[in-house]
Amino acid sequence: MALFGFGYKRKIEQLKQLLDAQNYEAAALLADDIPVQKVKTAYELNLIGKAYKCNEDFLHAKNVFGRSYEMRCSRTVLLDIMDCCLEINDLDSAEKYFDEYHRVAPDDRVTQYVYRYRIEKKKKRERHLLIS
């Protein structure tokens, strides 16, 4: 419990510095020390999620980004979640979050096409069906 005082804010600041320095392995190890269920801001959850994502721990990243999205609906967090879903081949979830992205950002056609393509490619669709 002592973590959630000055030490907690200090760990978040250290995490930010490690991510800025692109020291992803150390950032992920530090993120493991932070109890995600007690983090109160979406920004801090996004830092933790980014640490996991950059360290290619996509399952943990997806879960953390999911909590962040529950706190604050953000298009960029949806994109992070979809990236993680695609990396772990969770195509059903990728489709669900793609639909949510389409609802949240209906005018962002370019990003929608890119993610539709990535999802269909992971489903191993025939080449001529990928871009239609």
Qualifying residues in the range 6-41 (those that are part of a helix (DSSP H, G or I) and open to solvent by 100 Å² or more (accessible area, probe 1.4 Å)) - the one modelled with the lowest pLDDT: Phe6
Index of the failed condition, Leu29 passing every other in (1) hydrophobic (A, V, I, L, M, F, W, C); (2) closer than 22 Å to Tyr8 by Cα; (3) in contact with a Phe, Trp or Tyr (Cβ under 9 Å, 6 or more places away or on another chain): (3)
Exclusive hit being open to solvent by less than 40 Å² (accessible area, probe 1.4 Å) and within 19 Å of Ala31 (Cβ to Cβ), set Ile88, Ile81: Ile81
Which numbered condition Lys53 misses (of (1) open to solvent by 30 Å² or more (accessible area, probe 1.4 Å); (2) out of contact with any Cys (no Cβ under 9 Å at 6 or more places or on another chain)): (2)
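The values are calculated or read from the model by the stated rules, or taken from the named source; none is laboratory data. If you're wondering where the values come from, they're calculated on a predicted model, not measured in any experiment. Neighbour counts run over all protein chains shown; Cβ positions are idealised from the backbone, glycine included. To get the accessible areas, we keep the full protein, side chains included, count just its heavy atoms, and leave off ligands, DNA and RNA. Shrake-Rupley method; radii C 1.70, N 1.55, O 1.52, S 1.80 Å.
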